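The values are calculated or read from the model by the stated rules, or taken from the named source; none is laboratory data. Being a predicted model, the structure only gives us computed values, none of them experimental. Cβ coordinates were reconstructed from backbone atoms using ideal geometry, including for glycine residues, and neighbour counts include every protein chain displayed. Accessible surface is based on the protein model in full, side chains and every heavy atom, while ligands, DNA and RNA are left aside. Shrake-Rupley method; radii C 1.70, N 1.55, O 1.52, S 1.80 Å.
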Amino acid sequence: MNGQTISDSSELTYLKKRVAELEAREARLQADYEHLKQLYDRAPFAYQSLDNEGCFIEVNQAWLETLGYTREEVIGGNFSEFLHPDWKDHFKENFPRFKAIGEILGIEFEMVRKDGSTILVSFHGKVGKNSEGHFQQTHCVFQDITKRKQEEVALRESEERFRALHDASFGGIVIHDKGVILDCNQGLSDQTGYGFEELIGMDGLMLIAPDCRDFVLQNIKRGFEQTYETEGLRKDGTIYPVSIRGSNIPYKGRTVRVTEFRDITEYKRMEEALEKRLVTLTCPLTQKNGITFEDLFNPAVIQRIQDEFAAATGVASIITYPDGTPITAPSNFTHLCSEIIRKTELGCANCFKSDAAIGRYHPGSPIVQPCLSGGLWDAGASITVGNHHIANWLIGQVRNETQSEEGMRAYAREIGSDEESFIAAFHEVPSMSRERFGHIAQALFTLANQLSTAAYQNIQQARFITERNQAEVEREELKAQLQQSQKLESVARLAGGIAHDFNNMLTVIQGHADLAMMNMQPGDPYYQRFSAIRDTVQRSADLTRQMLAFARKQPIAPKVLGLNEIIESMLAMLKPLIGEDINLTWLPETGLWPVKVDPSQIEQMLANLCINARDAIEGVGEIIVETGNSTFDEEYCVAHVGFVPGDYVRISVSDNGAGMDKQVLARAFEPFFTTKEIGKGTGLGLATVYGSVKQNNGFINVYSELGRGTVFTIYLPRYEGKTVQTWIEDATAPAECGHETILLVEDEPMILEMTSAMLQQLGYTVLAANSPNEAILLVKEQNKKIDLILTDVIMPEMNGRDLAERLQVNQPWVKCLFMSGYTADIIAHQGFLDEGVHFLQKPFSHTTLAIKVRKVLDSGEEGKVSRQLRLWI
């Protein structure tokens, strides 16, 4: 009994102990729970848990505050109820997938707040599972990223605007960090010759000439923000003048430097030309060496200023010409220099060398350095007129405080002077610190600049009346040139504006005339009438081409070639047109540089010039055609208006005919201007030549005298590449008939009908469509193999290029022939047709169409549309 009581008591004690432990554990768990709940409710990110159906089990305070709801309004509701309508279905479709995958990262939804406003949120979540591995609930956090997204959009738009302005700059723009280029615009690439990829990451100082890099680096280090001039270095090694202006800016969280590089080559050329003109105007008629110091200043006044400066500063002073010849008498020269050192041969030679060194042109600052004869301090400043170096103001003969007597004795022995006399005179030389002498040199530099400014102002005042009168004359000339330019540009716009519609109409007329004549015999009474219509169309087309050539909108296909071969073959055909009474002489230069030009333009220019020369000769005469190489530098071009620096191949056509007076010469290239009788010329011959030359980036010069003849000289830019083609016209025409299937696409119904009839007459199967969409549908319905697409370039719905590319997806073998009546600036980038692209210019004849179609079909090329064709539209 007693034993049983003891056992029960022990067990009770044990149970009470276990209960106490469990209660303590429960209290800790409750405390942990409360702590975690506080963390959960105070978390900066919105939290939510969802059940198997997507309904809310729990949300934290951040969730409620973000969306503006109370807990009672949320718990038990479905998550989709709080989404924007556009996202509800998306959630319902993807929630099962989330439960299966078990995790989502960075999913973005648009949610609706209680007040009706929307926010964009980014979700991260995981699926919670029970001990058996089954779905229990989801745990998700999200963050309101609305503001961040708006800032990103604003930043992207800002960057796009910046890039647009960046690339629209008329100079080179570069953003760099300690010299390393972070970003730049296209202008910098164009200016320096480097590609954009080459520039990014490059040391920006590599764009500066080596001798100027230290100067530019100093300006960068001290944050200099004023515009200054220096020298740039292009990729090809050429050095050119640039204007630089830089500024520190914030860029992607750091401070960098933005710098503008402006090529001022043309400005410098004009400035140099102006200065040369200025020097010429101020130079006496008997003076051959240009402007002189005495022409600009009163020598007595300058001598007094020099003497007073020397007395006030305690330094020797003299003004000389750039070659060292004295202009003024020496002021305050020391006994040591004038009576001892300069009396010895070696000492005097050293003095002259030193004078030359400190007298060199140095516009940025005074030159300060020890004298080469004895080591005394010397300095010099340039006196200029518009950067024209006319004199030097030299100061010096000041003893350096650190110079030793022992060193001066050694120099006395070196030049052969009496040592004791030398040292006695040395001690008489004024002594000062390098810093004080530098201040005096800077004052000298300022005074010299004032003299330079005064001289320039004197010249301006002296030439004011002359310049004003000359300006009036030049203004009238420029006004006349402007009016002439506007007149020519009006004709050019007119030509370009009517070309497309006019060519389309001519295509229809010529096509129907050709079709009609194919069903007649030459003896048919209407055959000759249709033949006259066809000839008239051809003359009209030629007239349009001439107008477009003048307007520089003529479609061309340039080739790299040697001019001698094409001109020689052309002259053989021109001789019968010129006549037996006129001797045609051909003088080609060997070693002629290649050019890149359309051969047909060379023929056109040469024919117009030779026929023009023929018409200028009455009776017996001579025409000389010659070629050669020419190089013009900037100095030559300054003196010869209209010439452009560079390497050129020239074609010259000269005659000994009637010549032209100044009035006719001034209008020689004006369209529709002619001195010939009515019906003898259109006045477009020379205008055509002018336009073709300009279209090929060349220029033309004409010299003529009444009664002595005329010389026209064309200058075409030298082609720098290596490939030269010998241009030979293919005399063998391909077969004109065929059996293939051609898809014809043309938005002009009359041209569509006429061209379709031509092709069918030639034996081809034709699928005709008057729009790109109709063509695509027609190909699908017919389900036939297409051998050739003959399509207009510019059409509604889509252009010919895009149509061809879409059709080639399913039929990659199909070949393409593009046709257009538009001008060159519409159908080709900068007026040039790309090699490898087959093109047919409207208007075209039945024969031309037959030959061109057959040539494309028989070519071995694949049917891919040239990627360069993207430049057409």
Interatomic Cα distance distribution for the stretch 378-428, bins of 5 angstrom, percent: 4, 16, 20, 15, 12, 9, 9, 9, 5, 1
Portion, in percent, of the accessible area of the stretch 736-796 that falls on carbon or sulfur, probe 1.4 Å: 49
Keeping all protein chains in position, work out how much accessible area Arg18 exposes to a 1.4 Å probe, and write it in Å² to the nearest 10. 100
Sort 439-450, 645-656 for me by packing, meaning the mean count of neighbouring Cβ atoms within 10 Å per residue, highest on top. 645-656, 439-450
Of every hundred units of 1.4 Å-probe accessible area on the stretch 95-147, the number belonging to carbon and sulfur atoms, as a percent, is 50
Given a 1.4 Å probe and every protein chain left where it sits, what share in percent of the accessible area of the stretch 292-365 is carbon and sulfur? 57
Using only C-alpha atoms and all pairs of different ones, pull out the Kirkwood radius for the stretch 69-220 in Å with one decimal. 20.7
Taking one equal scatterer on every alpha-carbon of the stretch 584-641, how large is log10 of I(q)/I(0) by Debye at q = 0.22, 0.26, 0.27, 0.31 1/Å? -1.03, -1.07, -1.09, -1.18
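If you wrap the stretch 393-458's Cα atoms in a convex hull and average its projection over all directions, what's the area in nm²?
Mean projected area for the stretch 393-458: 5.9 nm², to one decimal.
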Probe radius 1.4 Å, ligands and nucleic acids left out: which of Ser373, Ser859, Ser421 has the largest accessible area, and how do the rest follow? Ser421, Ser859, Ser373
In nm, to one decimal, how far is the modelled label at Arg245 from the one at Arg806, with both set 7 Å along Cα→Cβ? 5.0
Show me, bin by bin at 5 Å from 0, the whole-percent P(r) of the stretch 291-372 based on Cα pairs. 3, 13, 19, 26, 23, 11, 5, 0
Provide the FRET efficiency to the nearest 0.05 for the Thr238-Val153 pair, computing r from the beta carbons and using R0 = 41 Å. 0.40
If packing is taken as the average number of other Cβ atoms within 10 Å across a peptide's residues, how do 327-335, 113-121 rank, most packed first? 327-335, 113-121
Counting only protein heavy atoms and leaving out ligands, DNA and RNA, the solvent-accessible surface of Ser704 at a 1.4 Å probe, in Å² to the nearest 10, equals 20
Going by average Cβ neighbours within 10 Å, how do the peptides 588-595, 771-778 rank, with the highest at the top? 771-778, 588-595
Extension length gain for Thr227 and Phe45 (0.36 nm per residue less Cα distance), in nm, is 60.3 nm
What accessible area, in Å² to the nearest ten, does a 1.4 Å probe give for Arg71? 70
Per the 1/(1 + (r/R0)^6) rule, R0 = 41 Å and r from the Cβ atoms of His134 and Ser10, FRET efficiency to 0.05 is 0.40
